[in-house]
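Please treat every number below as a calculation from the coordinates, not as lab data. This structure is a prediction, so every number in the text was calculated from the model and none was measured. Cβ: placed from backbone, ideal geometry, glycine included. Neighbour counts: every protein chain shown.
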Amino acid sequence: MRRWRGCVLAVVAAIVVAGGAWSAEKAPSPAVEPLADQILKAACDYLKSSSQFSFRSEATHEEVLASGQKIQVSENHQVGVRRPDGLIVVTRGDLGTQRVWYNGKRFTLLDLDAFTYASIKAPPTIDRAFDYLAERYGVFPPLVDLLYSDPYGVVRPSLRSGQLIGRRWVRGVECIQLAFQGDVADLQLWVENGLRPVIRKVVIDYKNDPGRPEYVAYLSEWDFSPRLADSQFTFTPPPGAREVTLPALEDGGEKGTR
């Protein structure tokens, strides 16, 4: 067991003893509070230490209509990661069903409703592949930071202040709630209070976007020893599926937001 795990347990134990000393009414700090930063790093390092893992995400995001009204869109994701070069994602939701494959060579997106797929040559690691997809195609899903080899190194630079809110419950699991502010978006995280500091809930507030839409995801079914075979990361076009081109930003694609 890595030494940092004992450290985070000590921090969480201190929070539990403190009980009501932490509250949502506490004045925000001008910087990220040390305990909030330590728990964020522990959660990120727990993922960093795992060569492979899988989880389920139940998410809703808001779309802002021309009238200004916000409409909720729901989707479920089943995610499998095998570092450094394996990723599979199955998405089912209001906007249809899609599957993603990445194997260190190609990134492929299959739209099962339209029965079309787009496949592009991609860099040889998950980190570099998502950097490339964001820069060239505007593809940057809200939870993708968790898939990087060093999630803390990706998330932390964008946070200019943060605080520990206190003990909260997420679907029957005791967690520690953290709240951060960034230049582009504000972030809330609920980290499981126990031996596994996994993230159980995420809220992203895109405060600079029109209508200030929110993204909310509940993360569950964490598995750090999934059976992920090589064949699962390689795409084979299903009979009758039509290949299409993924539009690059210079061709009219929409820019992604980290």
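If r is the Cβ-Cβ distance from R136 to N208 and R0 is 30 Å, what FRET efficiency results, to the nearest 0.05? Could you put the intermediate results ahead of the total?
On the way: r = 23 Å, r/R0 = 0.75.
So, using R0 = 30 Å, E works out to roughly 0.85.
What the pair-distance distribution of segment 3-249 shows, using all Cα-Cα distances binned every 10 Å from zero, is 7, 28, 35, 21, 7, 1, 0 percent.
Among S161, S49, the order by Cβ neighbours within 10 angstrom, fewest to most, reads S49, S161. Loop-resident trypsin sites (Lys or Arg not before Pro) (DSSP state other than H, G, I, E or B) in segment 125-160 with no more than 15 further Cβ atoms inside 10 Å of their Cβ are absent.
Grab the beta carbon distance between T125 and E58, set R0 = 22 Å, and tell me the FRET efficiency rounded to 0.05.
About 0.20, to the nearest 0.05.
Rounded to whole numbers, the Karplus 3J(HN,Hα) couplings from phi for segment 80-96 are x, 10, 10, 6, x, 9, x, 8, 9, 9, 10, 10, 10, x, 4, 9, x Hz, using 6.51 cos²θ - 1.76 cosθ + 1.60 with θ = phi - 60°, and x at Gly and Pro. Test of understanding: extend the Cα→C-beta vector of S51 to 7 Å, then name every residue of segment 224-241 with backbone N under 18 Å from that spot. Label zone hits: 224-233. For segment 3-249, the relative contact order is 24 percent, taking Cα pairs closer than 8 Å that sit 6 or more residues apart in sequence and dividing their mean separation by the residue count. Between the beta carbons of R106 and S158, assuming R0 = 41 Å, the FRET efficiency works out to 0.90 to the nearest 0.05. With the Kirkwood sum run over all distinct C-alpha pairs, segment 68-128 has a hydrodynamic radius of 12.7 Å.
Cβ-to-Cβ counts within 10 Å put R227, R56 in ascending order as R227, R56, the fewest first. Rounded to the nearest 20 debye, the dipole magnitude of segment 91-146 is 300 debye, with +1 charges on Lys and Arg beta carbons, -1 on Asp and Glu beta carbons, and the Cα centre as origin.
What list do you get for S231, S57 if you sort them by fewest beta carbons within 10 Å? Intermediate values should be presented prior to the final figure.
Details: S231 8, S57 21.
Going from sparsest to densest Cβ surroundings: S231, S57.
Spin-label model, I71 to V90: label points 7 Å out along the Cα-to-beta-carbon direction sit 2.8 nm apart.
Across segment 151-168, rounded Karplus estimates of 3J(HN,Hα) from the backbone phi angles (6.51 cos²θ - 1.76 cosθ + 1.60, θ = phi - 60°) give x, 4, x, 8, 7, 4, x, 8, 9, 9, 8, x, 8, 8, 7, x, 6, 9 Hz, Gly and Pro being marked x. What would the Debye formula give as log10 I(q)/I(0) at q = 0.15 Å⁻¹ for the alpha-carbon point model of segment 162-258, no solvent? Taking Cα atoms of segment 162-258 as identical point scatterers yields -0.88.
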